[in-house]
Each structure stands twice: as structure tokens, then as C-alpha cells.
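Everything below concerns the one structure shown next.
The values are calculated or read from the model by the stated rules, or taken from the named source; none is laboratory data. Small disclaimer: the values here were computed from a predicted structure and weren't measured. Positions of Cβ are generated from backbone atoms using ideal geometry, with glycine treated the same way; all protein chains shown enter the neighbour counts. For the accessible areas, the whole protein counts, side chains as well, though only heavy atoms, and no ligand, DNA or RNA atoms are used. Shrake-Rupley method; radii C 1.70, N 1.55, O 1.52, S 1.80 Å.
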Amino acid sequence: MKEICCVGHITLDKVTTPKNTVFMPGGTAFYFSHAVRHFDDLDYLLVTAVGAPERTVTDALEAQGLDVIVIDSPASVFFENIYGADSNERKQRVWAKAAPFRAEDMLAVESKIFHLGALLADDFSLDAVRNLADKGLVSVDSQGYLREVRDTRVHAIDWQDKLEALRYVHFLKANEHEMEVLTGYKDARQAALQLHEWGVREVVLTFGSEGSMIYDGSQFYAIPAYPPSETVDATGCGDTYMAGYLYRRVKGASIVEAAHFAAALSTLKIQRSGPVDARAADVLEILRH
């Protein structure tokens, strides 16, 4: 029995910022796994699907001490992320897709929390979500369910099976754009109330440099962002936030404690290019100051 199992594709990313253009691995599975890899007290598993060329990335994660299950795929997802002067906004294109995750791929996996890092709307079937909810708490990053690829361009869509799927979701993360697509509300409290009414137990809404808010059905928790010393690369900040949040929650921390930890971990991420490389002591140092 694992404490957290992250399921998602590792991508090949092209990241363009006003300062430079770099090619690197990416995706929720990649950023989430790096965010928790120094938390030695966490029993963690990554389940991913990549093409043969990206097996070097999963081999490297295993060499760093992470447990990894790799599902063969004819290709890996290839994303292009383009950021302007505002690091909270980006444009995307998708040049290749990987095989979706099926319920049968997860039959032998047991975990307290399953974090589903969908990158595109067809990454997970409803059956896969339902089956995982029978074994543990399901956490979902909504962004992938709201993205459809048409001629390499990413278009915003609504989550087709959301009213059924959200009944099985304990933790749901969405940013200010995603919550509006999901609920039709621009107001964060109204959006959170609607998502909870649809079945989500802990609604996690993130607003970049404006902080985050969490609703558990009885109380709203407003969490400030911790200002970075320098904004270098925002790619993967949301994945990093959820890694910190779920890590502390599975260890018994309160919602407030977990959210502050997650916010501080995200600050360490945005100060560097690529995934965060931090230990719990580094996060606590941010919190102290």
C-alpha cells in the first residue's frame, strides 16, 4: 500500500519564455515526482506511459530512488508552452499524444491517494476514475480534462463527464480559468460551492501570484502566495503545489498547514527552470520568513 500514487504522462516539453527557449521533460507526472522525491518519509509510486525515447527520463527517476511503473506507449506527449511577460498566462500546442490510461492498467496498484495528472481530455476513462475511487482517495488536476487538441492547437472545453466523475473525486485542483470553465462562475467562492455540491470533498483553487483558496464543505481557507526572489519559470507550479498539499495531507496535516506548505514549495519551484529540487527543510525556511 503506497501513500500517494501519481498517474500521468511524462511529456517532452518545449518551454519558451521572454528570456530563453529550452527543451525538457514535463507533465504533471514529472513535476509532481520531482517535488516529492526528497521527502524520504513518503511511500510514493509513479505510474506513467511514455514512448521509448523518453524511457531515459523514467530510468533517471528510478535511479533517484522513486518507484516507477512504466506503461508502453507508441509515443510520448509533446507540448509546447509559450509564456509572455505575465508568467500566469501561457499558450500551448501539442505535437504528439500518448496512449490513454485504462482501468486494467491499475489493477495491481494500491494507494491511499491517487493523483490523476491528466494532460488531455481523453487521458483517463470514467471507468478508470471510478475503479481507483474504490481503492483510495482520488485527486484530480482539472486542467487536462479541459483541453482538447485540434490540429496541434489546444482548445478549452468543458469536462464531458464531470457530473458523474466528480462524485468520485476527493481533491480537485483548478485555477481561475479552469474553475470558470467547469462551473460558469468567475467568483471563486461560488465556483467552490458548486464543485463541492457536485461531489468534490476538498476544492483547491489556485491563483498564481494571488495565492490559493480551499473549500471543504464547511469553511473557506484563503492562503497567500509567498513572493519569489525571482520569477524564472512557472511551468509545473500547479503540479508542485498539489505535490506539497497531498504530501502534508496524507501525513495528517490540517488543510491550512498543507496549503501553506504547498504555497511555499511552489515559490521554490518558480525561482528555477525545470522541476523543484527541495527538501522539507527548505520549505520550512520559506515559511519561517
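Considering only Leu166, Leu193, Leu205, the Gaussian network model of the chain with Cα springs below 10 Å gives its largest mean-square fluctuation to Leu193.
Exposure check, 1.4 Å probe, all protein chains in place: Cys237 carries approximately 30 Å² of accessible surface.
Sorted largest first by accessible area at a 1.4 angstrom probe radius, with every protein chain in place, the residues Arg279, Arg272 fall in the order Arg279, Arg272.
For the chain, adding -39500 (n - 2.57) for each run of n ≥ 4 DSSP H residues and dividing by the number of residues yields -8500 deg cm²/dmol at 222 nm.
In this structure, the pairs whose alpha-carbon distance is over 22 Å, taken from Lys19/Lys269; Lys2/Lys97; Lys14/Lys269; Lys173/Lys269, are Lys2/Lys97. Divide the volume of the convex hull around the Cα atoms of the chain by the residue count and you get 119 Å³ per residue.
Measuring between their Cα centroids, the range 1-74 and the range 185-214 lie 27 Å from each other. Computed from the Cα positions only, the extents of the range 44-90 along the three principal axes stand at 37, 25, 15 Å, in decreasing order. A 1.4 Å probe run over the protein chains yields, for the range 1-130, 41 Å² of accessible area per residue, whole-number rounding. Asp13 contributes about 10 Å² of solvent-accessible surface, heavy atoms of the protein only, 1.4 Å probe.
Here the range 131-289 exposes an accessible surface that is 46 percent carbon and sulfur, computed with a 1.4 Å probe and the other protein chains kept in place.
Comparing mean-square fluctuations of Ala60, Ala103, Ala263 from a GNM of the chain with C-alpha springs under 10 Å, the top value falls on Ala60.
Only beta bridges with both residues in the chain are counted; by DSSP, about 40 percent of them are antiparallel.
At each listed q (0.17, 0.18, 0.20 Å⁻¹), what is the log10 of I(q)/I(0) that the Debye formula gives for the range 173-236 modelled as equal alpha-carbon point scatterers? For the range 173-236 at q = 0.17, 0.18, 0.20 Å⁻¹, log10 I(q)/I(0) is -0.58, -0.63, -0.75. Taking all protein chains as shown and a probe of 1.4 angstrom, His196 keeps an accessible surface of around 60 Å².
Highest GNM mean-square fluctuation, the chain, Cα pairs closer than 10 Å: which of Met213, Met179, Met106? Highest fluctuation among the options: Met106. For the range 81-174, the list of GluC sites (Glu not before Pro) that fall in a loop by DSSP and count at most 14 other C-beta atoms within 10 angstrom reads Glu89, Glu110. Per-residue accessible area (protein heavy atoms, 1.4 Å probe) orders Ile223, Ile82 as Ile82, Ile223, starting from the largest.
Each Lys and Arg contributes +1 and each Asp and Glu -1, all at the Cβ; summed about the Cα centre of the chain, the dipole is approximately 300 debye. Counting only protein heavy atoms and a 1.4 Å probe, the range 221-289 has 41 square angstrom of accessible area per residue.
In terms of accessible area, using a 1.4 Å probe and ignoring ligands and nucleic acids, Phe79, Phe23 rank largest first as Phe23, Phe79. Legend: P(r) of the range 1-147 from all alpha carbon pair distances, 10 Å bins from 0, whole percents, reading 11, 42, 35, 11, 1.
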